[in-house]
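Notes for the one structure printed next.
Values in this text are rule-based calculations from the coordinates and carry no lab data. Keep in mind that this is a model prediction, so the values were computed, not measured. Neighbour counts are summed over all protein chains in view; Cβ atoms, including those assigned to glycine, are modelled from backbone coordinates with ideal geometry.
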Amino acid sequence: MILEVEHRLSYRYSGFVHLNPHYFYLTPNLTPYQRLISSEMSVLPQADKLIRNIDQEGNIQHVCFVNIDTRMFEIKSVFSIESSDFNTYDFIFFPYESAKLPFRYPEKLARYTDIYFAVSQVAPQVSALAARLAGEAGYNTIDFLSGVTTYISKNFRYISRERGAAMKPDETLRLGSGSCRDFSVLMMALCTAQGLVARFVSGYLFGSYRHEHDLHAWVEVFLPGGGWRGFDPTEGQAVNKNYIALANSLEPSGVNPVRGTFRGMPGVESELETYVSIREKV
């Protein structure tokens, strides 16, 4: 399957502004089952410098420098990828005891995972839900992850919320509703409560009427023997060939498609219009 994606972001300012360096996460972060066919990015006003980097978490990052004052800023990313069938559950746990909760990551991995757990705070009510779902899954690692994925999808009301940071997990749990990024952050916390390292993923989902014209968010969990495996608590399913990741992070705020600031006269305001198109090439 070949997927073609176009993503445009148009900023308009009420007065002239000077753009500070901007960071773009708009290039696919491909899985072993995907191949990039073509990719093009354009910026208006024309960038004086557009640098492609690998950031601290392994994502493809562009750093954009525009050195003229402007009242508009437009970014356009167009790419196509070939995406093949795969099964998220097709792997073997190693060490084998990782198939059951709780487990400890192997020593070399634990050097990194212990740091993550040390800074991750999980509210008591979230921990209680995680414990209940783990018990219902018979403390089977895969059954727990599948159970969390379907539980959130079935028991929480989806709300489209284009702007703003993700809510705290306990707030989403209290409200019983949220956006895809809220559900993803909640699932990350439920995984943390059971000793599983999880990260936030931002990207696109082809074939979903809710997300066909917007960014989507889901979760990847690091499993010994399986590496990073994707789960979507909004759609209630494991990640498949319809998902295109742009960036991942242990902190959701770190993977916005465009990050940056501007300088202008007091009171200058900005407006953003976005357009996303994902289609299968016939």
What is the mean projected area of the alpha carbon convex hull for the chain, to one decimal in square nanometres?
-> 15.7
C-alpha center-to-center spacing [segment 103-174, segment 180-199] in angstrom | 3
Using only alpha carbon pairs under 8 Å that are at least six residues apart, calculate the relative contact order of the chain and give it in whole percent.
-> 29
Identify which of A165, A118, A198 has the largest mean-square fluctuation in a Gaussian network model of the chain, with springs joining Cα atoms closer than 10 Å.
-> A118
Which whole-angstrom value gives the distance between the alpha carbon centres of segment 11-56 and segment 226-276?
-> 13
Straight-line reach from K49: which lysines have a Cα under 27 Å away, not including same-chain ones fewer than 8 places off?
-> K76
Given springs between every Cα pair under 10 Å in a Gaussian network model of the chain, which of P102, P266, P124 has the largest fluctuation?
-> P266
A correct Karplus calculation of ³J(HN,Hα) over segment 140-152, with 6.51 cos²θ - 1.76 cosθ + 1.60, θ = phi - 60°, whole Hz and x for Gly and Pro, returns 7, 4, 5, 5, 5, 5, 5, x, 4, 4, 6, 4, 5
Residue-span extension gain [R210 to E82] - 0.36 nm each, minus C-alpha spacing | 43.8 nm
Just add up the charged neighbours of M1: K/R +1, D/E -1, any other residue whose Cβ is under 15 Å from the Cβ of M1.
-> 0
Given the options F24, F144, F16, state which has the largest fluctuation in a GNM of the chain using a 10 Å cut-off (strictly under) for Cα springs.
-> F16
Quickly rank 32-42, 200-210, 186-196 as a protection proxy: mean count of other C-beta atoms within 10 Å, highest first.
-> 186-196, 200-210, 32-42
May I ask you to work out the translational diffusion coefficient for segment 69-137 at 25 °C, viscosity 0.890 mPa s, via Stokes-Einstein with Rh from the Kirkwood sum over Cα pairs, reported in whole µm²/s?
-> 142
How far, in degrees from 0 to 90, does helix 180-193 lean away from the longest principal axis of the Cα atoms of the chain, to the nearest 10?
-> 40
Show the residues, 5+ positions off or on another chain, whose built amide H is closer than 5 Å to the amide H of F86.
-> K241
Quarter of the surface of the C-alpha convex hull for segment 96-240, i.e. direction-averaged projected area in nm², equals 8.4
